[in-house]
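The values are calculated or read from the model by the stated rules, or taken from the named source; none is laboratory data. Given the structure is predicted, the values throughout are model-derived calculations rather than measurements. Positions of Cβ are backbone-derived with ideal geometry, glycine not excepted, and every protein chain shown enters the neighbour counts.
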Amino acid sequence: MGRTGLDRSASWWLGATKSAVRTALDDIGAQRVSLEDGSVGWLRKDDLDPVVSAEPWVALLPLLDPTVMGWKARAFYLGAHAPRLFDSAGNAGTTAWVDGRVVGAWVQDPGGVVELRLLDDDVSPQASEALAAEARRLSGWLDGQRVFTVYPSPAMQPGSWVPAVRRRPQARM
């Protein structure tokens, strides 16, 4: 098994040769590690200790964000959603993240309020609420300013989503 993941993604992203990336990995003393999915990853010698699980987190990232664009092999965070998150030219739209995986996209209504377009129907109620809170926070920060995009992904289109916060049945009185 050769150097696959990082050197291929870094070569693609930087426009550098795989040889140049491999030399850079050697220059910094990167250590080869095996990832959960069996692929190869690279860490610095001083970063080899096991990682404690992170607290649950959510994020709403803008279009063309390097987090979503920066890897050639993206299945580990996109799952089956890649075709709905990139336009026909390969540009990433906005993304909604839960605990290191993309679960959808976000858009703004005509008044500038952030709305979620979830692609997963298995997002937990807690994560859905956290995403809704982040959407409210982003709406407040943008203060009615619209962020226009020339790269709308299919997931950003109306009708391509699961409601982010499911309504619970009202108690009958």
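What is the residue count in region 132-160 for residues that are under 14 Å from Asp87 (Cβ atoms) and among the small types (Gly, Ala, Ser)?
As a first pass, look at region 132-160 and keep what is under 14 Å from Asp87 (Cβ atoms): 149-157, 160.
Adding the requirement that they be among the small types (Gly, Ala, Ser) leaves 153, 155, 160.
Result for region 132-160: 3.
Condition first: in a helix (DSSP H, G or I) and of a type in the set (A, V, I, L, M). Now tell me which residues in region 50-94 satisfy that.
So the first thing to find is which residues in region 50-94 are in a helix (DSSP H, G or I), and the list is 66-69, 75-85.
Scanning region 50-94 gives Val68, Met69, Ala75, Leu78, Ala80, Ala82, Leu85.
Do you know which residues across region 103-126 are over 16 Å from Pro158 (Cβ atoms) and buried (at least 21 other Cβ atoms within 10 Å of the Cβ)?
So the first thing to find is which residues in region 103-126 are over 16 Å from Pro158 (Cβ atoms), and the list is 103, 112, 120-126.
Listed by number, the residues that qualify are Val103, Val123.
Please go through region 119-155 and pick out each residue that is under 14 Å from Asp109 (Cα atoms), part of a loop (DSSP other than H, G, I, E, B) and among the charged types (D, E, K, R).
Correct list: Asp143, Arg146.
For region 25-58, which residues satisfy the criterion of being surrounded by 15 or more Cβ atoms within 10 Å (Cβ to Cβ) and aliphatic (A, V, I, L, M)?
Leu25, Ala30, Val40, Val58
Output the number of the condition that Val58 fails; it satisfies all remaining conditions of (1) within 11 Å of the chain's Cα centre (by Cα); (2) at pLDDT below 95.
All conditions are met except number (2).
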